[in-house]
Amino acid sequence: MIEKMSNYILDNFLYRNEKVIGDEREVMLFGITRILEDIPKYTIIFLLACVLNILQYVGIILVITMIYKIFVGGVHARTNLGCLISSIIYFILPVYLAKYININIYLLSAITLLSSLFVIWKIAPADTEEIPILKKDKRNKLKIIGLISVLFIIAFNLLEIENLYIQNIILVTIMFINLCTTKPVYKFYKCKYSYESEEFKEYYNK
């Protein structure tokens, strides 16, 4: 159903009266499909957040995701249902975990920063076979932006945010993002980095 809608949107709206074939068509269809799949997913998440009266905190998690995860990457679930369940856990769980953290905020910030530095240095950007990031210069650029992003978030969190609960939510979210780039999580989701793929490994970091 979603595949048919993606093809319809591509052929009748984005490239009306134009023929798109080959790799360009595949890339465009993948992007449109992801958007169509994300609309109901985020609708469910935000409705659930409203019911639980935590919408403002879920909004904070979304902002952190947009300014950090986009650069360091991470695992993707293999099915729509898996993606929905994982996304609900990702957006809801930090809100509740943050309530039970009883660690000095400076120590927690240091732990978060160290985990981020490790991920950025050794893993990021964590790509997948579906969305490979192969060029060395692009990977290095994403690493640098990811580093700047996490340094900014942690500094802003310590210097500008006075609510300890919100500070904890932000730091837990960063650690969740870091966790989602790691090999054990990739194995759990049966996901592969591009360098593990026979199709892409010879082009990786060229």
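The values are calculated or read from the model by the stated rules, or taken from the named source; none is laboratory data. Quantities reported herein were computed from a predicted structural model and do not represent experimental measurements. All Cβ positions, even for glycine, are placed from backbone atoms using ideal geometry, and neighbour counts span all protein chains on display. Ligands, DNA and RNA are stripped out before the accessible areas are found, and what is left, the full protein with its side chains, is counted by its heavy atoms. Shrake-Rupley method; radii C 1.70, N 1.55, O 1.52, S 1.80 Å.
Worth pointing out:
- In this structure the stretch 55-145 gives 56 Å² per residue of accessible area when probed at 1.4 Å with all protein chains present.
- Charge dipole (Cα centre; +1 on Lys/Arg Cβ, -1 on Asp/Glu Cβ; no other charges) of the stretch 57-206 amounts to roughly 320 debye.
- Taking amide H as placed 1.01 Å from N in the peptide plane, the amide H of A126 sits under 5 Å from that of G73, G74, each at least 5 places away or on another chain.
- Per-residue HN-Hα couplings for the stretch 117-133 [Karplus 6.51, -1.76, 1.60; θ = phi - 60°; Hz; x = Gly/Pro]: 4, 5, 4, 5, 6, 9, 10, 4, x, 6, 9, 9, 4, 6, 10, x, 10
- Modelled label positions at E202 and I105, each set 7 Å beyond Cα in the direction of Cβ, lie 5.4 nm from each other.
- Nonpolar atom fraction for the stretch 76-192, defined as the carbon and sulfur part of the 1.4 Å probe accessible area, stands at 69 percent.
- Here the relative contact order of the stretch 84-206, from alpha carbon pairs under 8 Å that lie six or more residues apart, stands at 41 percent.
- Cα pair distances in the stretch 130-206, grouped into 5 Å bins until the bin that holds the longest one, percent each: 3, 13, 16, 18, 17, 13, 9, 6, 3, 1
- Ratio of Rg to Rh for the stretch 49-206: 0.99 [Cα atoms; Kirkwood radius as inverse mean 1/r over pairs].
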